[in-house]
Amino acid sequence: MSDQHEVINNLEDFLNKAKIEISKCETSSDVDNLRVKFLGKKGVLTNEFLKKLGKISPDLRPVIGSKTNEVKNEIQAEMNRKIDELKENEDKIFEESLWVDITLPGARREIGFEHLVKKTQKEMEDLFISMGYEVKEGPEIEDVFYAFEALNTPEWHPARDSQDSFYLESDKILLRPHTSPVQIRTMENIKPPLAIVSPGKVYRSDYDATHLPMFHQFEGLLVDRDISVAHLKGTLEYFISSIFKKDMKIRLRPSFFPFTEPSFEVDLMWEDKYGGCQWLEVLGAGLVDPNVFKAVGYDPEIWSGFAFGVGIERITMLKYGLTDIRDLVRGDLRFIRQ
């Protein structure tokens, strides 16, 4: 009888110690480790109690065996309760980690900077919109008809040499060398009178301190009755003075473009940082060639117009005092933040 009481007392002590250790567990893995320690094949319950049943007298085995199973079940139940408790706490902590107090001030984020080219383009667009022009855009991958032929520049024309580059797949498709195709596409779909500007990326095989293989061009077209060089010069004078925010002198120097006749290089009287003045070429312009009107179905006996084209990077460099056009594409934060 004393053996029975001793074994039962040992089982009670084992149960109490197990409950204490289970209560101290902080994670589910801690509970799993105790499960192996107490109830595993080589655990305390097996080695200390179950394996010793054979040494107990046969009449006591049922009582001790029943008590052992009772202890085992209670330890198992205690572990399950602990795991449920830990899981509930873990879920609560996880949910709290996701909670955001929307009344707190937002995180401060570094504010970016509008690129100088885009900033200048918007200024130019706003300026011409205020004069009644519409902004038109077109594809950057263009057909040679719109890029050259409709602009009075057939395949044999020497004026194509400086722009004839970046062909794709065939000799009929290329990256547009100017935004003039937008003018052709617009005139094909809109009857005159019209006034548009067409900003966008263009591509030519140049790369040095003053030229990029990809740059931004801003072209303008006005078509109406009895348009003359006086209208062109007045528009450009207003544009140049407005974009630089001071009165500026320009001159129209005779030149040649296949899509305008007469054609002009437009020079700007520019004061350098040393106080000297010089003429700087800033854009090309002219009255629309009658052959261009014929290509889009306009009657050149009725309609006339002017067109101009300027590199947005060139205006940006003059406006902000830049000396190397490549600074605009290098992505140097020190330059961008100035």
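Coordinate-derived values only; no laboratory data. For clarity, every value in this text was computed on a predicted model and none was experimentally measured. Here the Cβ is made from the backbone with ideal geometry for all residues, glycine too, and neighbour counts use every protein chain on show.
How large are Rg and Dmax for the range 120-259 when only the alpha carbon atoms are used, in Å?
15.9, 48
Among all the aspartates and glutamates, which ones have a C-alpha under 13 Å from LYS294's C-alpha, if same-chain residues fewer than 8 places away are not counted?
Straight-distance partners of LYS294: GLU149, GLU188.
Please compute P(r) over all alpha-carbon pairs of the range 200-338, binned at 10 Å starting from zero, and give each bin as a whole-number percent.
11, 35, 34, 16, 5, 0
Quick one: which residues, 5+ away or cross-chain, put their amide H under 5 Å from the amide H of PHE306? H built at 1.01 Å from N.
The answer is LEU222, VAL288.
Which lysines does LYS41 reach when only Cα atoms under 17 Å apart count, and residues fewer than 8 places away in its own chain are ignored?
LYS51, LYS52, LYS72
With a point put 7 Å past each Cα toward its Cβ, work out how far GLU137 is from THR103 in nm, to one decimal.
4.4
What relative contact order, as a whole-number percentage, does the chain give when Cα pairs under 8 Å and 6 or more residues apart are counted? Could the numbers behind the result be given before it?
Numbers: 461 pairs, mean separation 46.3, N = 338.
After rounding, I find 14 percent.
Taking Cα atoms, how many degrees apart are the long axis of helix 2-23 and the longest axis of the chain, rounded to 10 and kept between 0 and 90?
Roughly 20 degrees between the two axes.
If the reach is capped at under 12 angstrom between alpha carbons, list the aspartates and glutamates near LYS19, excluding any in the same chain fewer than eight residues apart.
Here the aspartates and glutamates satisfying the reach criterion relative to LYS19 are GLU74, GLU78.
Quick check: pseudo-label points 7 Å beyond the Cα along Cα→Cβ at ARG251 and GLU125, how many nm apart are they?
Taking the two extended label points, one gets 3.5 nm.
Between 0 and 90 degrees, rounded to the nearest ten: what's the tilt of helix 229-244 against the longest Cα principal axis of the chain?
The answer is roughly 40 degrees.
Top mean-square fluctuation among GLU90, GLU265, GLU155, Gaussian network model of the chain, C-alpha springs under 10 Å?
Highest fluctuation among the options: GLU90.
So what is the diffusion coefficient of the range 58-190 in µm² per second by Stokes-Einstein at 37 °C and 0.692 mPa s, using a Kirkwood Rh over Cα pairs? Numbers along the way, then the final one.
Details: Rh = 23.6 Å.
For these conditions, the coefficient is 139 µm²/s.
What is the angle, in °, between the Cα long axis of helix 61-98 and the longest principal axis of the Cα atoms in the chain? Nearest 10 is fine, range 0 to 90.
Tilt relative to the chain: about 20 degrees.
Are there any chymotrypsin sites (Phe, Trp or Tyr not before Pro) in the range 267-338 that are in a DSSP loop and have at most 13 other Cβ atoms within 10 Å? List them by number. Write out the running numbers ahead of the final one.
Values: sites: TRP270, TYR274, TRP279, PHE293, TYR298, TRP303, PHE306, PHE308, TYR320, PHE335; in loops: TYR274, TYR298, TRP303.
Here the chymotrypsin sites (Phe, Trp or Tyr not before Pro) that fit, given the DSSP loop and packing criteria, are TYR274.
When the chain is treated as a GNM, springs tying every alpha-carbon pair under 10 Å, which of GLY275, GLY297, GLY40 comes out with the largest mean-square fluctuation?
Among GLY275, GLY297, GLY40, the largest GNM mean-square fluctuation belongs to GLY40.
From the C-alpha gyration tensor of the range 204-266, pull out the three semi-axes of the equivalent ellipsoid (sqrt of 5λ each), sorted largest to smallest, in whole Å. All intermediate terms of the calculation are to be shown ahead of the outcome.
Working: eigenvalues 113, 64, 28 Å².
Taking √(5λ) for each Cα gyration eigenvalue gives 24, 18, 12 Å.
Rounding to the nearest 20 debye, state how big the charge dipole of the range 205-326 is about its Cα centre with +1 on each Lys and Arg Cβ and -1 on each Asp and Glu Cβ. Walk me through the intermediate numbers first.
Numbers: 12 positive and 18 negative charges, 80 e Å.
My answer is approximately 380 debye.
What per residue convex hull volume, in Å³, do the alpha-carbon atoms of the range 114-185 yield?
Numbers: hull volume 8.4 nm³, N = 72.
In the range 114-185, the Cα convex hull volume per residue is 117 Å³.
Over the Cα atoms of the chain, what radius of gyration and what Dmax do you get, in Å?
In order Rg, Dmax, the Cα atoms of the chain give 42.6, 130 Å.
Dipole of the chain, Cα-centred, from +1 at each Lys and Arg C-beta and -1 at each Asp and Glu C-beta, to the nearest 20 debye?
Using only the charged Cβ atoms, the result is roughly 1220 debye.
Would you give the gap between the C-alpha center of the range 239-268 and the C-alpha center of the range 314-338, rounded to a whole Å?
A separation of 23 Å, based on Cα centres.
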